[in-house]
Amino acid sequence: MCALPMIEPTKLRDALAAMPVMAILRGLTRETAGEVGCGLYSAGVRFMEVPLNGDGALSALKELCACVPDDVLVGAGTVLDEGQIDQVAQAGEQVIVSPHFAPNLVARTKALGLISVPGVFTPSEAFAALKAGADGLKLFPADGLSPVVLKAWRSVMSLEDVLILPTGGVSSQNAAAWWAAGASGFGVGSGVFQPDLRGEDIEAHAGRFTRAVGGLTR
């Protein structure tokens with residue numbers, strides 16, 4: 001395998017600082033990737049993730065990466081094995097997001113110079129993921145927990161600077177509570193992206209969520 005360029009982990013922090021949203025583009029196709037990327041960008045999104053468990057996901061991911069501006073962080077989600085990480089790296093993507101924590105996946109991601117965001121559900125998993133080299137944590141499934149849990153994590157663990165993204169069940173109605181508890185951003189699917197939308201409707205739909213969270217401050 002040829003040497004691949006290192007992606008600075010600070011790009012993740014920068015993308016979330018611009019807009020605290022990881023847009024999960026389940027159902028994205030190669031044909032719609034450019035239009036969707038532009039629409040989400042116009043709505044303020046700077047971190048986009050395409051789950052690999054959909055038909056044609058890798059080709060859609062490649063097209064998305066080619067179409068969006070350089071300040072957009074593009075990654076693959078639902079990554080389950082090292083072979084997928086290799087494919088994503090060769091395609092020129094930047095982030096590996098998984099629904100779970102596996103030490104070998106974090107190690108392979110970092111060895112290839114990519115940003116690692118594994119899924120965690122317990123403090124033990126969170127500590128183990130960070131020790132393995134994770135750059136951020138996907139709190140998943142967030143709808144199985146609550147903002148109270150995240151607040152407790154922040155209060156008893158040395159995680160002040162760790163990027164934590166509740167994912168699953170986050171909406172414009174509960175995002176503020178997650179934010180107040182210490183969320184760094186939100187993994188959001190249908191709340192920002194629906195594969196049947198076209199044209200201006202893409203930006204309009206995503207904009208309803210980004211307007212709700214874009215002004216959150218601590």
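Quick one: order Arg30, Arg211 by neighbouring beta-carbon count within 10 Å, fewest to most.
Arg211, Arg30
Using only DSSP helix segments of four residues or longer, with each worth -39500 (n - 2.57), what per-residue ellipticity at 222 nm results for the chain after dividing by its residue count and rounding to 500?
It comes out at -12000 deg cm²/dmol, rounded to the nearest 500.
Out of these labelled values of Rg/Rh (Cα atoms, Kirkwood Rh), (1) 1.14; (2) 0.98; (3) 0.94, which was calculated from the coordinates shown here?
Of the labelled values, this structure produces (3).
Check which residues have an amide H placed less than 5 Å from Val50's amide H, if you skip close sequence neighbours.
Leu25, Gly75, Ala76, Gly77
At a 10 Å Cβ-Cβ cut-off, how would you order Thr10, Thr109, fewest neighbours first?
Thr10, Thr109
Summing +1 for each Lys or Arg and -1 for each Asp or Glu, what net charge is found among the other residues whose Cβ lies under 12 Å from the Cβ of Gly133?
Within the 12 Å Cβ shell, the charges total +2.
Give me the net charge of Glu200's neighbourhood, meaning all other residues with Cβ under 15 Å from the Cβ of Glu200; Lys, Arg count +1, Asp, Glu -1.
Value of the local net charge: -2.
When only Cα pairs under 8 Å and 6 or more residues apart are kept, what is the percent relative contact order across the stretch 36-80?
51 percent
Considering only the stretch 10-213, what is the antiparallel percent among its DSSP beta bridges, to the nearest 5?
0 percent
Which order results if Val50, Val120, Val148, Val72 are arranged by neighbouring Cβ count within 10 Å, fewest first?
In order of increasing Cβ crowding within 10 Å: Val148, Val72, Val120, Val50.
Between beta-carbons, use under 12 Å as the cut-off and find the net charge around Thr109, counting Lys and Arg +1, Asp and Glu -1.
After counting each charged neighbour, the total is -3.
Computed from the coordinates by the stated procedures, all read-outs in this text should not be read as laboratory data. Please read all numbers here as calculations on a predicted model, not as lab measurements. Here Cβ is always computed from backbone atoms with ideal geometry, including for glycine, and neighbour counts include all displayed protein chains.
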